[in-house]
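Peer 1: Here it is, the structure in full.
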Amino acid sequence: MKSVIISNFHPIQVGTLFDQAKLNQYTKFLYYHFQNLPKIDASGNEVNEDESVSFKFISDQVDKYSVSPESINCRQSIIFEEVEDFIENIMDITSPSEYHFPSGFEVKSGHSFGPKIEVRMEWFKRKMGFVFDAFYSNVSARPENLIHVTCSGYSSPSVAQEAVIERNWETVQVTHSYHMGCYGAFPAIRTASSLISASKSNGRADVVHTELLSAHLNLTEFSSANTMICSLFADGFIGYSLYEEQSFLNDASITEKKGLRILAFHEVIIPDSLEDMSWDLGEYNFLMTLSKRVPVFIRKNIKSFLSTLCKKGDIDLEEQKANMHFAIHPGGPKIIDYVVSEIGLSKEQAYWSFEVLRGHGNMSSASIPHIFNEIVNDSNIQPGTKVVAMAFGPGLTATGLLLEKI
């Protein structure tokens, strides 16, 4: 097998980074609006009633179940951009009844959960071409392969194919790596590495993530689970490249030879867990389920899983873990804590997992590449440091990468 390097990380900001406290407050306004809509009687007429759910009750519940600003400072949430002025400047000085609403999310007769899935997919197609434009403004030469990763929006031809067509790159091979949720970076990197290993010319493989998760927010459901989802997930976009190592070192256009060498992959579907995490198509949006058993599965399986991953790279986890850095997908602050505790790490060894969550929220498949970018550019993490990366997703699938910083 050829030695493969991951490098050229370019995080891309498409929209505003909203303050988490303000997004949580805006969620309260949304819930209040929907819980107090006029009721419809048997004749189809509106029946105006007194306030059915108080704003104080809603506020207390959101404060209880949402991810706090201490864990997430800010997030991208592109669908709220047109009400940015309200969120940033008006919300604090107005009442919940004087409400500014994002266009398209009005609840109409027969559409009780906002816009249907085709409208949300149209938002995705309209916005995501910018991500490819931004990435390729930094990367001039065409790749041999382009892999598009997303779990939040689809079209055919895809936005990746459109990006290739616009650049007249007729020979670039496009691969779609879709709908795997939070662990989606790992199969994409595995695919890119295999394509490079099979390439006679050692051509570069680019990976671009477009996660427009805000398009799937359910703004109408006042529940503890939905409150957690609405306060945790964020939009995230990033591109990066994979190279055969000698081609990477010989490429004069790459002035900084920084990156991560791939040492080993590992992936398993945890037994008896198929119903515990899902990401399915719904009439209005993609639907997520997450059972309370997921942390139990992680605690029970993570040590043996990572030991097997490291063994594939001829490394003993217990002997060398003190000198490693850990890229843990930030499914939430407690998930990182569970892994740190179970493996016996210091929080500093997972520093960038906490920081990416704090600065961006859970960006699904785009989260781990953001963590890789920070590790590569962190001068405190020395070349030669082994990096253990892991994520969990529907299945319940556990997937990991063993890397070495160069």
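Computed from the coordinates by the stated procedures, all read-outs in this text should not be read as laboratory data. Fair warning: this is a prediction, and the values are worked out from it, not measured in the lab. Positions of Cβ are generated from backbone atoms using ideal geometry, with glycine treated the same way; all protein chains shown enter the neighbour counts.
Peer 1: Students often check this: by mean Cβ neighbours within 10 Å, which of 249-256, 70-77, 150-157, 114-121 ranks highest, and how do the rest follow?
Peer 2: Listed from highest to lowest mean packing, they are 70-77, 150-157, 114-121, 249-256.
Peer 1: Further, regarding this structure: From the list (i) 21.0, 68; (ii) 22.2, 75; (iii) 21.2, 81, can you say which value of Rg and Dmax of the Cα atoms in Å was derived from the structure given?
Peer 2: The value computed from this structure is option (ii).
Peer 1: I would also like to ask the following. Given 10 Å bins starting at zero, what is the percent of C-alpha pairs of segment 260-405 in each, up to the one with the largest pair distance?
Peer 2: 11, 43, 35, 10, 2, 0
Peer 1: Now, a different point. How far is the Cα center of segment 2-28 from the Cα center of segment 142-164, in Å?
Peer 2: Between the Cα centres of segment 2-28 and segment 142-164 lies a distance of 19 Å.
Peer 1: Given the rule -39500 (n - 2.57) for each run of at least 4 DSSP H residues, summed and divided by the residues of the chain, what is its mean residue ellipticity at 222 nm, to the nearest 500 deg cm²/dmol?
Peer 2: Helix-only estimate at 222 nm: -10500 deg cm²/dmol.
Peer 1: Taking a cut-off of 21 Å between Cα atoms, list the lysines near residue 311, but don't count ones fewer than 8 places away on the same chain.
Peer 2: 2, 300, 303, 321, 386, 405
Peer 1: I'd like the distance separating the alpha-carbon centroids of segment 354-395 and segment 61-101, in whole Å.
Peer 2: Taking the Cα centre of segment 61-101 as reference, the centre of segment 354-395 is 27 Å away.
Peer 1: Follow-up question, since we're still on this one. If I take every Cα pair under 8 Å that is 6 or more residues apart in the chain, average their sequence separation and divide by the length, what percent do I get for the relative contact order?
Peer 2: Once divided by the residue count of the chain, the mean separation gives 23 percent.
Peer 1: Rank 247, 234, 335 by how far each Cα sits towards the positive end of the charge dipole of the chain (+1 on Lys, Arg Cβ; -1 on Asp, Glu Cβ) and give me just the farthest.
Peer 2: 247
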